[in-house]
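Trainee: Sharing a structure here in structure tokens format.
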Amino acid sequence: MANSKFLTSLAGLSIAGFLMAGSAAAQDTLDTTAFQGIIKDQMSAFAAGNAQAAFSFATNSLQKRFQNPEIFMKMVKQGYQPVYRPQSVTFGQTKMTKLGPTQEVYVVGPKGKNWLALYSFEQQEDGTWKISGCYLTKSDGFAA
């Protein structure tokens with residue numbers, strides 16, 4: 001998929017990096033509640049058509065790459081319909097990878113297909129967390 005490859009190269013992420021779990025001690029310190037809240041808030045902004053709010057959850061480096069909220073929203077609409085307009089959302093594991101914390105999100109897209117969105121996060125200078133990337137791939141669905 002061209003869009004998956006685009007975001008992967010854009011964010012400098014690889015699927016191998018996402019699947020590489022850190023130590024159990026590192027995983028205990030991950031702020032799963034914060035990561036899931038950020039993702040929910042961004043998805044709510046997408047649903048409301050609020051480009052400015054959706055853009056605000058991205059790291060400064062992603063904001064610089066996309067230049068403004070409208071360009072960012074257009075990219076998400078075109079390439080990330082499953083997270084832009086999900087039918088359902090189920091959170092999976094939060095893992096520490098060599099690229100930082102990653103949250104698994106299983107979504108059913110607008111056409112009823114299952115997807116796995118792997119969101120990466122970066123802590124900002126003020127201590128807050130922002131989304132540094134999202135890798136979207138087809139999935140068999142979430143199995144609890």
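Every read-out reported here was derived from the displayed coordinates using simple, explicitly stated rules and does not represent laboratory data. Treat the numbers as computed from the prediction; the structure is a model and nothing was measured. Here the Cβ is made from the backbone with ideal geometry for all residues, glycine too, and neighbour counts use every protein chain on show.
One line per residue, one yes/no per condition, for (1) without any contact (Cβ under 8 Å) to a residue 40 or more places away in the chain; (2) out of contact with any strand residue (DSSP E or B) (no Cβ under 7 Å at 6 or more places or on another chain); (3) under 19 Å from F46 (Cα atoms); (4) among the hydroxyl-bearing types (S, T, Y):
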site	(1), (2), (3), (4)
E104	yes, no, yes, no
V108	yes, no, yes, no
S120	no, no, yes, yes
Q123	yes, no, no, no
D126	yes, yes, no, no
Y135	no, no, yes, yes
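Trainee: Quick one: how many residues across region 61-89 are of a type outside the set (G, A, S), surrounded by fewer than 14 Cβ atoms within 10 Å (Cβ to Cβ) and not in a helix (DSSP H, G or I)?
Mentor: Result for region 61-89: 3.
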